Structure formats: C-alpha cells, structure tokens
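Notes follow once the structure below has been shown.
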Amino acid sequence: MIRINRNSSVPQSLLIEEDKENGTYNTPEVLDALYLDFHNKCYICESKNLTSINIEHFRPHKGDKKLMFDWENLFLACSHCNNIKLDKYNNILDCTKIDVDELISFRKKGQYGWEEVIEIKALVYDEKTKSTVELLDRVYNGTTKMKILESSNIRKELRNELLDFTRAINEYYSSRGEDKEDAKCLVKRHLRASSPFAAFKRWIVRDNKENLSEFLDSNGVKCII
C-alpha cells in the first residue's frame, strides 16, 4: 500500500447517477478515472494483474447514498482484497492522504517460494495502523483455503517484480557513466507510486541505505523519485 495522489475531478456521470432514484456509481467514466488515479493497480495489494476489478468504498456506505456516491470514497481494488476488507476493516490508513509505507514496513523474507514469508510490521502503534497491518497480512498470506491460493498468486507476481527490481539495483551499482544514469532512472521508475508493489521496493532501498542513500532523503525515510 503506497500513497496515491488523486488528480481526477469528480466524474460528471457520478453526479448524474447520484440524482437518480436507482443510480449507479459503477460507470465507465468513474472506472476510467479510478484507473488513471490508482495507476491501474489495487490500492491494497498493489498488484496490477487485475483479473477481477471492484470499485471499492473506503468507508462502507451501508446504504448511505452520500457515502455511496462520494468520489473521495471510491477506490480501485481487486476482488481478493475487497472480499477480505468488506465492512470489517473500516478504520484503516487512507493511502490517498498518508504515506503508508512510512508507518508500516513491507518485506518479503525467504529466497524460494516454499520458505517465503511476507512480513508486514507497524512502526507506530495506533488503531488505524494496527488494523491496516492486520488487513495487509491477510491479503498477502491468505485466510481461508481459497484466499491462501489467491494470495499465492499475488506473492508470485510480487516475487517476479522484486527480481526485476534487484536486477535494476545491481545494474545501477555496477555501472559507470551514462550507463549508471540510465540504471538510476530505471530504479527510480520502480520506486514510483505507479509501479507494482512499490512499498516493498522502497523498503528494499531503506534496508540497504548504506549503498542506496542516493535514493533516500537526508533522514533515510522518503524515497527520492
């Protein structure tokens, strides 16, 4: 989960549908705007391999029409994450307002699939952060048999992305001159909010700040992208 900047204005179709007795927030215009703002990835797991897409209500609307059509309350999510979140996690960190990866650490432990562990840890101890950590742990590690199978697919995608990122770092570390600048640009692209699993990639940089300090601010916290 990484900070997302919402740049799209309220879709006109959302305002039109809200005025109807049985209007819908699920319009092509709304979906296109969410795809753009959320970089075509689930805001919870950060996967871009969205085979099943949901327009998710950050705060459960429970029939409240104002919340149902509130543009700031509509997020892009995959069905795996949305079905885990449901109404149970209604007090989590808002990634459109907060740098979640500065309050929570994201690490993949283990080199091989059978020893793989996704470790999500809170760096501050308030209720929202605690609830977000619990949700993310369930998303990446699964709960029921079905969810465990679904989460394994997300972890496979994560594993491949981190391998690509590791190769980019190695290229940067070993290159010189113009090649190093090209490699630096590639590393930075991996660290952008638009990149899949950017929170995990940023924590690789933080965990290797001695060698990758150029990608961090003076406090070693924010990634410079």
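The values are calculated or read from the model by the stated rules, or taken from the named source; none is laboratory data. Everything quoted here is computed from the prediction, not taken from an experiment. Using ideal geometry, Cβ is built from the backbone for each residue, glycine included, and neighbour counts are taken over all protein chains shown. Quick note on the areas: whole protein, heavy atoms, side chains included, nothing else; ligands and nucleic acids left out. Shrake-Rupley method; radii C 1.70, N 1.55, O 1.52, S 1.80 Å.
Restricting the search to the stretch 146-177, which residues are outside any loop (DSSP other than H, G, I, E, B) and polar (S, T, N, Q)?
Scanning the stretch 146-177 gives 151, 152, 153, 160, 166, 170, 174.
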Looking at the stretch 94-103, is at least one residue part of a loop (DSSP other than H, G, I, E, B), within 24 Å of residue 159 (Cβ to Cβ) and open to solvent by less than 40 Å² (accessible area, probe 1.4 Å)? yes
Could you list all residues from the stretch 133-154 that are surrounded by fewer than 19 Cβ atoms within 10 Å (Cβ to Cβ) and touching a Ser or Thr at 6+ places or on another chain (Cβ under 7 Å)? 141
Flag if residue 126 is of a type in the set (Asp, Glu), surrounded by fewer than 17 Cβ atoms within 10 Å (Cβ to Cβ) and out of contact with any helix residue (DSSP H, G or I) (no Cβ under 9 Å at 6 or more places or on another chain): yes
Which one is surrounded by the most Cβ atoms within 10 Å (Cβ to Cβ), of the residues in the stretch 34-79 that are in a helix (DSSP H, G or I) and of a type in the set (S, T, N, Q)? 73
Please list, ordered by first then second residue, the pairs with beta carbon atoms under 8 Å, 6 or more apart or interchain, first in the stretch 110-137 and in a strand (DSSP E or B), second surrounded by fewer than 11 Cβ atoms within 10 Å (Cβ to Cβ). 117/109; 118/109; 119/109
What's the number of the condition residue 82 fails, among (1) surrounded by 15 or more Cβ atoms within 10 Å (Cβ to Cβ); (2) free of Cβ contacts under 8 Å to residues at least 12 places away in the same chain; (3) among the polar types (S, T, N, Q)? (2)
Among all residue pairs at least 6 apart or on different chains, which show Cβ distances below 9 Å where the first residue, located in the stretch 208-219, is touching a residue at least 24 places away in the same chain (Cβ under 8 Å) and the second is in a loop (DSSP other than H, G, I, E, B)? 214/224; 215/224; 215/225
Looking only at the stretch 178-215, count every residue that is open to solvent by less than 70 Å² (accessible area, probe 1.4 Å), closer than 23 Å to residue 43 by Cα and either outside any helix (DSSP H, G or I) or aliphatic (A, V, I, L, M) (or both) and tell me the total. 12
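From 174, 213, 194, grab the single residue that is touching a His at 6+ places or on another chain (Cβ under 9 Å) and among the polar types (S, T, N, Q).
Working: 174 fails: touching a His at 6+ places or on another chain (Cβ under 9 Å); 213 fails: touching a His at 6+ places or on another chain (Cβ under 9 Å).
194 is the lone residue from the list that is touching a His at 6+ places or on another chain (Cβ under 9 Å) and among the polar types (S, T, N, Q).
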